[in-house]
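Q: First the structure, then my questions, so here it is.
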Amino acid sequence: MPKIENQPQTKNPLQCHNCWEYWFFSIVNFPVRTKEKIWFIRLPRIQCKKCNSNSYLIDPDELREKWAKYLKNNPQETQIPINYILESSIDPEIADFSPYSSLWFKFDKFDYFFIPWLARQWNIGYLTPVFFDIEVLNNFNHSSDYKVTLTSFSRVHIYKNNEAILTHWFWVNRNWRLFCWLWDIYDELRWPENDKILKILLAYNIESDHDIVSDYYFNEIEACWTESDNEWKIFELKNNFEILFSKKFWFDLSRVNTLDDLKIPYKHPIWNDRWQIFDAYLKLNSAIVESINTNDLFSYLEQNLNDTTILFGKNWIRKQWLKLFEIFISNILHIESATNVISALFVLNDLRQLQWHLSQSSFDEKYLKCKERLWTIDESTDIQVFQSLIRAILGFYNQIFDSIKD
Ligand SMILES: [Zn+2]
């Protein structure tokens, strides 16, 4: 079995030796030259996009020595079997991945043998990544029979009648490809009742992308559990905060506790699609901003503030939603610079208002102002802006939770 030695100065064989970023893995056709001929051998290569370094997982110089030895002992041969080079009893080119391969999904056997820690002596092919075009999630999202839930930006569950179609989830890698494990799809989709799901997945199955760095890699390979980092986590924090809030102040801050409480189902943005992303802003704003219990919040502030004039705007109109919440954060929770702390929610609200202006000339200017407030650069894509906003809202809930828990 091919074995990749862990470099002593690195924590993980998929981490760059220079900068600790995670390598991108690929399989390249490496030219092998002898006096008589040239042929190509598939070799695993790793590349760091951060510091622009790259190398082969198997040292070509070592290979040259082995080639010379093999050719000396087998003068009649014109090509060297890769398992000889790898000192393996199994040739990855002809390894039998049955029964997992029987559903006809495309995959690259080399991923299994070369991506660190996937290969094992038993159950050959068990943990082989199978990749899909991420558009498959749109397909499921548009069907009333299925529901797509991202419990982190890279962890995906697809449900049919509230039951996950794969127990072990799907993952989104750094190239926005979806993947899961060959044994998993074999185990769960080989039954006739799952034929429809099998056909959909086969239609979106693509050649291997080789990258498996995602929550999966950290949680299961590095045994380092990553917390959710997306909308899912926002509602967990929001809920925790609001439970303590109710106990302390004797009223409920919000009418929405989870994304499932929304009348129109929430759909996670799947990729960099402006319509999907601004639709998500609309629903998040409805769940986080417009659900604020303005009446009780106003009454509480009216009874507990010395100066109640700050509760009114122009023409003595009562302030609402975020403006009241900001006053509460500043005057009751005593958080300094409340305006900065709550700004992520104001940006969410502004992005939601921008949804009405998507096709207007003023859109770019207003959108740029939102980007600046999230510290993202002008060139950021819509999905990058979305992720920055989610991180900012997570930061907001962490901060206000700390202020209320004592
Ligand atoms: Zn690097």
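Q: Quick one: in region 221-243, which of the residues that are outside any helix (DSSP H, G or I) and in contact with a Phe, Trp or Tyr (Cβ under 6 Å, 6 or more places away or on another chain) is surrounded by the fewest Cβ atoms within 10 Å (Cβ to Cβ)?
A: Within region 221-243, the subset outside any helix (DSSP H, G or I) is 222-230.
Narrowing the set further to residues that are in contact with a Phe, Trp or Tyr (Cβ under 6 Å, 6 or more places away or on another chain) leaves 224, 226, 229-230.
Values: CYS224: 10, THR226: 15, ASP229: 18, ASN230: 19.
Only one residue fits best here, namely CYS224.
Q: Given the residues LYS35, LYS50, LYS69, which is the only one that is basic (Lys, Arg), assigned to a helix (DSSP H, G or I) and either at pLDDT 85 or above or away from the ligand (no atom under 16 Å from the Cβ) (or both)?
A: Step by step, each of LYS35, LYS50, LYS69 is checked, and only LYS69 is basic (Lys, Arg), assigned to a helix (DSSP H, G or I) and either at pLDDT 85 or above or away from the ligand (no atom under 16 Å from the Cβ) (or both).
Yes/no per residue for (1) under 20 Å from SER214 (Cβ atoms); (2) touching a residue at least 60 places away in the same chain (Cβ under 8 Å):
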{"position": "GLN76", "(1), (2)": "no, no"}
{"position": "SER102", "(1), (2)": "no, yes"}
{"position": "TYR126", "(1), (2)": "yes, no"}
{"position": "PHE131", "(1), (2)": "yes, yes"}
{"position": "PHE140", "(1), (2)": "yes, yes"}
{"position": "LYS147", "(1), (2)": "no, yes"}
{"position": "PHE170", "(1), (2)": "yes, no"}
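Q: Select, from PHE140, PHE110, PHE114, the only residue that is within 21 Å of LYS267 (Cα to Cα) and of a type outside the set (Asp, Glu).
A: Among PHE140, PHE110, PHE114, only PHE140 is within 21 Å of LYS267 (Cα to Cα) and of a type outside the set (Asp, Glu).
Q: Tally the residues that are free of Cβ contacts under 8 Å to residues at least 24 places away in the same chain, outside any strand (DSSP E or B) and buried (at least 18 other Cβ atoms within 10 Å of the Cβ), restricting the search to region 149-168.
A: 1
Residues checked against (1) assigned by TED's automatic domain parsing to the domain that holds ILE264; (2) among the aromatic types (Phe, Trp, Tyr); (3) at positive phi:
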position	(1), (2), (3)
TYR281	yes, yes, no
SER291	yes, no, no
THR309	yes, no, no
LEU324	yes, no, no
LEU348	yes, no, no
LEU368	yes, no, no
TRP375	yes, yes, yes
SER380	yes, no, no
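Q: Out of curiosity, is TYR112 modelled with pLDDT of 85 or more, at negative phi, touching a helix residue (DSSP H, G or I) at 6+ places or on another chain (Cβ under 9 Å) and within 16 Å of the ligand (Cβ to nearest atom)?
A: Judged against the criteria, TYR112 is not a match.
Q: Which condition number does ILE383 fail, the rest of (1) modelled with pLDDT of 90 or more; (2) within 21 Å of LEU322 (Cα to Cα) being met?
A: (2)
Q: Among the residues of region 13-20, is there at least one that is part of a strand (DSSP E or B), within 9 Å of the ligand (Cβ to nearest atom) and surrounded by 14 or more Cβ atoms within 10 Å (Cβ to Cβ)?
A: yes
Q: Output yes when any residue across region 80-96 is surrounded by fewer than 14 Cβ atoms within 10 Å (Cβ to Cβ), outside any loop (DSSP other than H, G, I, E, B) and at negative phi, and no when none is. Break it down stepwise before answering.
A: Initially, region 80-96 is screened for residues surrounded by fewer than 14 Cβ atoms within 10 Å (Cβ to Cβ), giving 87, 89, 93-94, 96.
Within this subset, residues satisfying the condition of being outside any loop (DSSP other than H, G, I, E, B) are none.
No, region 80-96 has no match at all.
The values are calculated or read from the model by the stated rules, or taken from the named source; none is laboratory data. No experiment lies behind these values; they were computed from the predicted model shown. Counting neighbours? That spans all protein chains shown, and the Cβs are built from the backbone with ideal geometry, glycine included.
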